[in-house]
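I have placed the structure first, in the form of structure tokens, so that the comments after it can refer back to it.
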Amino acid sequence: MNIPYIRSGDYFIPDLKLPEETRPIGKWGRMHREYLREYHPIRFNQLVLSGDLWTYLADLNEQAQQRKESLIAQMQSSEGITEALKASDPMGWTQRMNNITARAEEIIREELIYNG
């Protein structure tokens, strides 16, 4: 390996830099980070030491968001929740959408976040 070093007094310290990642890790990335930290510390440390943790969590967050949107759309169409229902019964539409959102988030937690 060719690692650059910086001289600090009598010592040579490795000049390590983390990769630049600008995407946020979001809600799902934070949840998975805490899960890894508590239940899979070796995997968590490997990701931290390799500098890939933030990228891994940002990718996971994007996957979870896309999966959530897909699940909500599928559940909406299968249960017949339309814009017409929203116009005629806004409170009923809100209740059903909250129910669908909660179920979709539970599925994502089981499939993506707490899967190990």
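Per-residue HN-Hα couplings for the stretch 29-38, Karplus 6.51 cos²θ - 1.76 cosθ + 1.60 at θ = phi - 60°, whole Hz, x for Gly and Pro?
Here the 3J(HN,Hα) series is x, 5, 5, 5, 4, 5, 4, 4, 4, 7 Hz.
Please give every one of the lysines within straight-line cross-link reach of Lys27, meaning a C-alpha to C-alpha distance under 25 Å, and leave out same-chain neighbours fewer than 8 residues apart.
Straight-distance partners of Lys27: Lys68.
Kindly give Rg over Rh for the chain, based on alpha-carbon atoms, with the Kirkwood expression for the hydrodynamic radius.
1.24
Where does each of Ser8, Ser88 land when they are ordered by accessible area, with a 1.4 Å probe and the largest first?
Output order, biggest surface exposure first: Ser88, Ser8.
Tell me the relative contact order for the chain as a rounded percent, counting alpha carbon contacts under 8 Å between residues six or more apart.
Values: 79 pairs, mean separation 29.2, N = 116.
Reported as a whole number, the value is 25 percent.
In Å², and per residue, what accessible area does the chain have when probed at 1.4 Å with the other protein chains present?
For the chain, the solvent-accessible area averages 72 Å² per residue.
Across 5 Å bins from 0, what is the distribution of all Cα-Cα pair distances for the stretch 10-53, in whole percents?
5, 18, 21, 22, 16, 8, 5, 3, 1
Excluding same-chain residues fewer than 8 positions from Lys17, which aspartates and glutamates have a Cα within less than 16 Å of its Cα?
Asp52
The values are calculated or read from the model by the stated rules, or taken from the named source; none is laboratory data. Please read all numbers here as calculations on a predicted model, not as lab measurements. In case anyone asks, the SASA skips ligands and DNA or RNA and just uses the protein heavy atoms, side chains included. Shrake-Rupley method; radii C 1.70, N 1.55, O 1.52, S 1.80 Å.
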